[in-house]
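For reference, the structure is listed below as structure tokens.
The values are calculated or read from the model by the stated rules, or taken from the named source; none is laboratory data. All of these numbers come straight from a predicted model, not from anything done at the bench. Note: ideal-geometry Cβ built from the backbone for every residue, glycine included; neighbour counts use all protein chains shown. Remember, those area values only see protein heavy atoms, side chains included, never the ligands or the DNA or RNA. Shrake-Rupley method; radii C 1.70, N 1.55, O 1.52, S 1.80 Å.
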Amino acid sequence: QVQVVESGGGLVQPGESLSLSCTVSGTIFFNHVMAWYRQAPGKEREFVAQMTSRGNTMYGVSTKGRFTISRDYAKNTAYLQMNNLKPEDTAAYYCTAIIQTTNGGAKDNCWGQGTQVTVSS
């Protein structure tokens, strides 16, 4: 069983920064990719950022240059540093991890419950 837990959401004003954390726990043989997605009310889920086990990163079009993803591999934790936040960044932010629980086993895409980020003056 694998658990994915996000934290760090909250209410900030436009232009401010916020950092999110995501920790994966449970039976983990290998953690391939950790990624962040977000979903605003009435909108589809949007890709924010991801980081592979080799440290390769990818960002969504709307967050590139303002958001930075990082990982602490020993802690199975990913971070999302969000700078210069805008009202349109308001959304529930979800963390996902692609996990193998056994050597040679299938890769499972595990999702957290989400954390709310609200950017408003």
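Taking the three principal axes of the alpha carbon atoms in the range 1-94, the coordinate ranges are 39, 24, 22 Å, sorted in descending order. Entry comment: accessible area of the chain is 53 Å² per residue, from protein heavy atoms only and a probe of 1.4 Å.
Placing R0 at 25 angstrom, the Cβ-Cβ distance between Asp72 and Gln39 gives a FRET efficiency of 0.50 after rounding to 0.05. In this simple spin-label approximation, Thr27 and Val61 carry label points 7 Å from Cα along the Cα→Cβ vector, and these lie 4.1 nm apart. Using a simple spin-label model with pseudo-atoms 7 Å out from Cα toward Cβ, Ser121 and Asp108 lie 4.6 nm apart.
For the chain, give the percent of accessible area contributed by carbon and sulfur heavy atoms, probe 1.4 Å, rounded to a whole number.
48
Listed by chain and number, the aspartates and glutamates whose C-alpha is less than 18 Å from the C-alpha of Lys43, apart from same-chain residues fewer than 8 away, are Glu88, Asp89. One decimal place: the segment Gln3-Gln81 gains 25.9 nm when fully extended, by the rule 0.36 nm per residue minus the C-alpha distance.
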